Amino acid sequence: MGQLTTGERDFGAIILIVLAIIGIAMAAAGRSDVLGIHGAMVLVYCLALLFLLLSGAFGTPPSAARLTRYYDDPIKVGVGLTLFWAIFGMFIGVWAAAQLAWPSLNFDTSWASFGRIRPAHTSGVIFGFGGNALITTSFHVVQRTSRARLADQLSPWFVLLGFNLFCLIAISGYFLGVTQSKEYAEAEWYADIWLVIVWVTYFVLYVRTLARRKEPHIYVANWYYMAFIIVVAILHIVNNLAVPLSFAHAKSYTIWAGVQDSMVQWWYGHNAVAFFLTAGFLAMLYYYLPKRAERPIFSYRLSILSFWGITFFYMWAGSHHLHYTALPHWVQNLGMTFSVMLLVPSWASAGNALLTLNGAWHKVRDDATLRFMMMAAFFYGLSTFEGSFMAIRPVNALSHYTDWTVGHVHAGALGWVAMITFGSLYTLVPAIWKRERMHSAILVEVHFWLALAGTLIYVFAMWNSGIIQGLMWRTYSPDNTLVYSFVDTLLAMYPYYIARAFGGLLFLIGAIVAAYNIWMTVRTPAAATLALDDDSPGDERQISGATPTPAE
Amino acid sequence: MPELMHRKLERSATGFMLAIIAAASVGGIVEIAPLFTIDDTVETVSDMRLYTPLELAGRDIYVREGCYACHSQMIRTLRDEVERYGPYSLAVESKYDHPMLWGSKRTGPDLARIGGKYSDFWHVAHLNNPRDVVPESNMPSYRWLGTNPLKLADLPLALRAQRAVGVPYTDEMIENAARDAYGQAVPDSEQSSGVTERYGEATQVSAFDGVTTNVTEMDALVAYLQVLGQLTRAAYENTAAPEQMPDPDN
């Protein structure tokens, strides 16, 4: 926060004081309700930030020259937060996986039982790890591809730290039993309202930065970040409309009921995958992969096709989560049809990424960072194919409700989302901290193989368990009775649950290795020669590799 | 030509964003809006009853503990599911469910028709330690439910919020919510008669957790589990192969 002027600091302090007062009000109104605990947390969070903000206020004022350079301070903090949430979320995931194999691992406590830590895992990795990675990289990419500094000095901090306050409130709430039960939207009404405020600020900041761009065209990566910001706002608001018991209660009831609620929920749920876990990460792919490979994107036309295909088709696909349910047949069919069509733009993106590597395959061999991104594009292609396949009704009849879905999600989450994030971080960290390279190339290599092995063990375990359980559920004896009781099918799962926990553990260790490597990179002093590279809009004439011009 | 158009579009942030909103809105509008206007989306049945305050409180506990993460409440229109769990689920059965709890994963079995299949005593033993009754189970134990008193004072607010989102609770129901919850869990108390008066004769009044000295979260959760699949008989009348609805008194 060293670049803030006195006026900006004062404004920041006012925001924090107002929030702290809201925290006190929540604590007072909520009393013994969990809302009271959350009020206290808001208060402590704001006071801690206030202390940080004011303790720097008496240093030398920032020079006016800072406005001619890129604004990278929030990005640096964002990298740290991304890694914190990665380790936290993955640790909870491994723990939850282990509980399925050894149920006593919840130590008979309410807060650690599977039903409560499961949303802590999903939100921890999706919003904590994924969300922070998206905000952090978007701040980096939008500045570099627009050749403009972020439009505002204070609001990047507001967006980043406000978003983390949301994560904190949401995830601590699950341990305490606060949840709406809507998958991937479990946070209660007050956290949801706060996220809307943060998100609108993010949107305004992003658009204002784009408006300052010195490039006439908006680069592809920014299309995806824009789609991510806009559509997530729409989904979040519609799915979370709810009526609380009172302003002193954490509990609320959604305005949607039954069959309509199921459709709204999976319209949200599937597009959280599309616009949170795909669009934003494709943005990373479109910037960091060409940058690292030092090759332009293979095809501009494919970029257009896949962008609009994804933006249009995905929104129809949610109902494939509801095949053979009480949802009307016509909606199920629409969902299936569009899910299958979705394969075209998805593979256009994956293919575009892999073909970009043509002429740079020797770099993929030597550079584990680029290999992370190549593998991410591969897993993106794999899981989108699998997704379209599983959306077909008869396939879904077998796969739904089983671990196959879990395996599919993790092929995407570990293989695609996490790998592209780590590849991007390994590119971003040396650039931002002006280091020649990462502290240890060997540790990047170690991380790559841990991540790949972890993903494969995880996904193969879940494919096996899912398909076996799906088949056992529908196995008939010659005299037309069901052969297996439910417990028989559960017993068959135990070996796979152990294998899955082991795969997840490898992936977690990889994330810890990454955090250590990045920490060591930051600690080593900067090479003086790199001081001006990639530092200010004026210096970067050409964004090498990542130009918006077509390759043909 | 389309390429040229796009080159123009990508020079304007506002235009691009409007295009994103337009492209992304169509799917949701086409798939969601008609669910409110097409009448046969939700079947019309005459015997659908509301959750009692105790059952609603139990449902909130089911949500709080994340039971939906491992148990679905949606029997699909597939032969093996109907034979394993009972008649396939109808839309009307979750008509008053805010939120729906159809679930997405069956680490444990479907619960849409669990009501009446096991005794209250079985449920209490199972929730206290699942492995006492199902040795192979990997479900967590929920011992604390039996000692946590149910927050009766919040129930009128809960019913009022439910009414605000469209569940037809009457003023009388809201006013008596706490009394009714107590009465349902403490049979033969003076509050018991009001429950069946307001929610129908079929409502189960029972000492769900086996103790009548206080109303616990265990009472509420078991009351909820016992009403799953019992709010209407429609599913049994609708199916091609009607079977007997589980009778709690048997």
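The values are calculated or read from the model by the stated rules, or taken from the named source; none is laboratory data. On a predicted model such as this, the values are computed, not experimentally measured, just so you know. Cβ placement follows ideal geometry from the backbone for every residue including glycine, while neighbour counts extend to all protein chains displayed.
Filtered by the rule that a residue be of a type in the set (D, E, K, R) and farther than 26 Å from A:L491 by Cα, region B:70-117 gives B:E93, B:K95, B:D97. More than 30 Å from B:E197 (Cβ to Cβ), facing chain A (nearest Cβ under 9 Å) and more than 18 Å from the chain's Cα centre (by Cα), is that true of B:R106? Here the answer is no, as B:R106 does not meet what is asked. Screening the candidates A:S104, A:S138 for the property of being assigned to a helix (DSSP H, G or I) and over 21 Å from the mean Cα position of the chain (by Cα) yields one hit, A:S104. On the given criteria, is B:G28 more than 7 Å from chain A (Cβ to nearest Cβ) and either of a type in the set (S, T, Y) or part of a helix (DSSP H, G or I) (or both)? Taking the combined requirement at face value, the residue does not satisfy it. Residue pairs whose Cβ atoms lie under 7 Å apart, separated by 6 or more positions or on different chains, with the first residue in region A:131-155 and charged (D, E, K, R) and the second in a helix (DSSP H, G or I), are A:R149/A:L67; A:R149/A:Q143; A:D152/A:L205; A:D152/A:R208.
Residues checked against (1) within 14 Å of chain B (Cβ to nearest Cβ); (2) under 30 Å from A:F502 (Cα atoms):
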| site | (1), (2) |
| --- | --- |
| A:S339 | yes, no |
| A:V344 | no, no |
| A:A350 | no, yes |
| A:P394 | yes, no |
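Within region B:75-103, the set of residues being on the phi > 0 side of the Ramachandran plot and more than 16 Å from the chain's Cα centre (by Cα) comprises just one member, B:G86. Considering (1) under 28 Å from B:T147 (Cβ atoms); (2) at pLDDT 95 or above; (3) within 16 Å of the chain's Cα centre (by Cα), the lone condition that B:A181 does not fulfil carries the number (3). In region B:61-81, of all residues being facing chain A (nearest Cβ under 7 Å) and not in a loop (DSSP other than H, G, I, E, B), the one that is farthest from A:A187 (Cα to Cα) corresponds to B:D80. Of the residues making up region A:141-190, those that are charged (D, E, K, R), outside any helix (DSSP H, G or I) and more than 13 Å from chain B (Cβ to nearest Cβ) are A:R147, A:R149, A:D152. Among the residues making up region A:72-104, a single one is among the hydroxyl-bearing types (S, T, Y) and away from chain B (no Cβ under 14 Å): A:T82. For A:L195, the stated conditions hold: it is touching a residue at least 40 places away in the same chain (Cβ under 8 Å) and of a type in the set (A, V, I, L, M).
If the condition is being touching a residue at least 40 places away in the same chain (Cβ under 8 Å) and buried (at least 24 other Cβ atoms within 10 Å of the Cβ), then region A:311-324 contributes A:T311, A:Y314, A:M315, A:A317, A:G318, A:S319, A:H320, A:H321, A:L322, A:H323.
Annotation note: of B:E172, B:E190, the sole residue that is farther than 30 Å from A:T481 by Cα, at pLDDT 95 or above and of a type in the set (D, E, K, R) is B:E172.
With outside any helix (DSSP H, G or I), out of contact with any His (no Cβ under 8 Å at 6 or more places or on another chain) and touching a residue at least 12 places away in the same chain (Cβ under 8 Å) as the only criterion, which of A:S32, A:S110, A:S123 stands out? After ruling out the rest, the residue left standing is A:S110. Just one of (1) of a type in the set (G, A, S); (2) within 10 Å of the chain's Cα centre (by Cα); (3) surrounded by fewer than 22 Cβ atoms within 10 Å (Cβ to Cβ) fails for B:A112. It is (3).
In region B:36-49, the qualifying residues are those that are away from every other protein chain (no Cβ under 12 Å) and not hydroxyl-bearing (S, T, Y), and the one that is farthest from B:Y224 (Cα to Cα) is B:V45.
Residues that are in a helix (DSSP H, G or I) and more than 7 Å from chain A (Cβ to nearest Cβ) within region B:136-168 comprise B:L145, B:G146, B:L152, B:A153, B:L155, B:P156, B:L159, B:R160, B:R163, listed in sequence order.
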